[in-house]
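Comments concern the structure below.
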């Protein structure tokens, strides 16, 4: 042991390097005799500069490269290793590096020193170019099958780097790569070199197999059948001993199962076998792959969950953490499957590792029932102070979801949220708590007054301006609707007195909402007095807001209410896009006219916030798997995404339709449906349709694609004819597509006018005939023939149903809206037999899509495989409320039996919604 005083500044001297100084020191490489120790120190300095982001200019890099090449005269092994390391890094910047190929190749020969042979191979493969790869082909093939693991791995990894520049040459090395993948080369020392029998590492790692299988995958990445054979060959028991290589096979098998439905069964069998692998790493990867599989069934996931449950009782903390993290993620999709692990998960709540305890709590919150909520809340409170903000946010997100799932428990959860809101924490943590309270106010009406009271107390000591502004705005919107609105005025005015200018301005606006439209003259007078005091504020924004609102309060007309308490707003995403297109336009004609704000669709604040709210809710408890990065067929949107998809589809098409002069007079687009395929994707003319609903009109958009080669279609139109007995729609006009070349999309619009009035909801079936003039293209000139022939092509019928007039909408309490809708409207119900549906989950997804209503209270996830009740809510395009209650029972013999009950405020509309299912 050394008792010499440590000089901390000396340790950092090597890091504080100057590129110019190091370059000047490189004259050392020209000295004779060569000093290996001094040269290694200088090479280390160059390595530090390179690996910390310093870049040598081309001339300096070239000088250094050939200066270092002179060190090959010395046989010192340690110096030779450093030489190859630096040459490899400088080869990308220096010029004429290929001149050193012959020197390096001497150290790659079979008889050279094993210690730096791997380094030489790596450096050689970085120096050569595409034209000289064939010259070293024999050398690399020999190195791949070398008995020394480090040499074999170096050759395999170098082949990765050669693939982009010489794929055809590298692919000829498949037989050698397969031999390396099947061989059992064992590394028993650092980089495969034993430093003596007494210091050898006894554990085998078989890393060469991992590199070989990875290279084989790169070689066969464009041949799916070859990949399948590779997975089956090396996935057999005992075929591969490297756990890292097996993990690579697990990921490849999961990807193949996602991409090709026909491979799902054999790949799932392989994944199930890997769950019993002797190495924990493989078990976890296989379980994770199964749980992440799209549309995984309960039976497929049960074995993976069982394996993870066994790991929960492991003595190793890292093993327990990995298992609970996978279960935590999977519980968002299938809580009833993870529910069997609850006893083992509960034992982790008191774990000394707070990361494990946090995931255990949040998993139980997702899988627990209403009776266990209070007990879990007490256990959470015991360790909230000991965890980081990141894990606190995870817990808050789980609690927010639980609040919406069990509204009756909102009191205890609100007390918990208000308690942690007073604790220490950063902005993101406090924001997540405030957002949770916002959602409680919106979706659980019974919690509004208590939540507002807690938020009022919070802003007394809130140190974050953004949060104070948002809370003040919410109090201004929700406070006047409460039975005792005056109690919030004191909290708002305190902010005018004590806060900065930004918060004071927000407080003035919130205060004005209590005065405008106020029926109590005493309250109005008090608000007026407080706003008058704000006229003396030091900030001009505060003074201007106070003066404006005092002026509006003196007006007893609709203008003041519409200005201060307006519930509508422009579609911000469309507004932003239109403005960007306007200011970035290159033609002068655009700027000759003022920006047309009337083209921006106006939506309610509820619709505008639906997308943001849904994203937050689904980020906490998504109900369907997100699509993988691998290509796959698009599926219907998830239940929880129905409100978002409806609003997004409407905003997407509103801008497009406003560009058509004939449609501008129709006014605001109320709703656009999802895309309906009217032909198969392999047909000669591929046609899909979208239904657009306006106040007094229905517009059918037909997207057409001509797949015939050397053929052009002209004057393309669609004759859409409603059913014979239907007279509620009258064709207004057709916007044809003038020209449709091969594989280029075109659009045809057919507009219909409602004959029964703007408040009607016509339902019918359209027969669709595609009419066009077909012309062949002359191959010699590339121009179409002068005269073609007229032709017709009939596609599938298009159904206009009651669900096309419904917009999915959120509501706090289903029982409340169900009773109100029934009291003010009518009810229709019918029983259906869904024989082609495999499970309750499939039926739930299909019914949500067919009815176009928003699932409430977490009923979009079925907790039972035999029975389920689906609670739905929405509004018609004219604003009337629609509530639906769907009861389902599953039988393996008859499928899913469904009773659909719909209540609607609009006369005759409930029956139209029920008919959408059939």
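Each reported figure results from applying straightforward, stated rules to the coordinates on display, with no laboratory input. Everything numeric here is computed off the predicted structure, so don't read it as measured data. For neighbour counting, all protein chains shown are included, and Cβ atoms are generated from backbone atoms with ideal geometry for every residue, glycine included.
Brief remarks follow.
- Placing a pseudo-label 7 Å from each Cα along the Cα-to-Cβ vector at residue 781 and residue 237 gives an inter-label distance of 7.3 nm.
- Placing a label point 7 Å from the Cα of residue 533 along the Cα-to-Cβ direction, the residues of region 487-523 with a backbone N closer than 13 Å are 489-499, 508.
- Fully extended contour minus Cα-Cα distance, from residue 262 to residue 792, at 0.36 nm per residue: 187.1 nm
- Förster-model FRET efficiency, 56 Å R0, residue 132 and residue 743, C-beta, rounded to 0.05: 0.85
- Remark: 356, 399 ranked as 356, 399, counting other beta-carbon atoms within 10 Å and listing the fewest first.
- Our estimate of slack between residue 490 and residue 74, defined as 0.36 nm per intervening residue step minus the Cα-Cα distance, is 141.2 nm.
- Cα long-axis angle, helix 642-658 against the chain (0 to 90 degrees, to the nearest 10): 80 degrees
- Between the Cα long axis of helix 317-330 and the first principal axis of the chain there is an angle of about 40°, rounded to the nearest 10.
- Recomputing volume of the Cα convex hull per residue in Å³ from the coordinates shown identifies the correct label among (1) 275; (2) 226; (3) 264 as (1).
- Folded to 0 to 90 degrees: helix 280-291 orientation relative to the chain principal axis, Cα: 30 degrees
- Calculated FRET efficiency, residue 424 to residue 17, Cβ-Cβ distance, R0 = 30 Å: about 0.10 to the nearest 0.05.
- In terms of surrounding Cβ atoms within a 10 Å radius of their Cβ, 177, 20, 668 rank from fewest to most as 20, 668, 177.
- Using 0.36 nm per residue and subtracting the Cα-Cα separation, the extra length available between residue 157 and residue 548 on full extension is 133.7 nm.
- Within region 686-712: backbone nitrogen closer than 13 Å to the residue 753 label point (7 Å, Cα to C-beta): 696-698
- Placing a label point 7 Å from the Cα of residue 388 along the Cα-to-Cβ direction, the residues of region 303-327 with a backbone N closer than 19 Å are 317-326.
- Going from the fewest other Cβ atoms within 10 Å to the most, the residues 290, 902 appear in the order 290, 902.
- For peptides 232-240, 30-38, 87-95, 437-445, sequence by mean Cβ density within 10 Å, most packed first: 437-445, 87-95, 232-240, 30-38
- Our note on the geometry: Cα centres of region 89-158 and region 523-547, 79 Å apart.
- Sorted largest first, extent of region 379-455 alpha carbons per principal axis (Å): 32, 22, 16
- Estimated FRET transfer efficiency when R0 is 51 angstrom, pair residue 911-residue 659 (beta carbons, to 0.05): 0.85
- Only Cα pairs under 8 Å and 6+ residues apart enter the sum, and on that basis the relative contact order of region 408-568 stands at 16 percent.
- Every helix of 4 or more DSSP H residues in the chain counts as -39500 (n - 2.57), and over all residues that averages to -14500 deg cm²/dmol at 222 nm.
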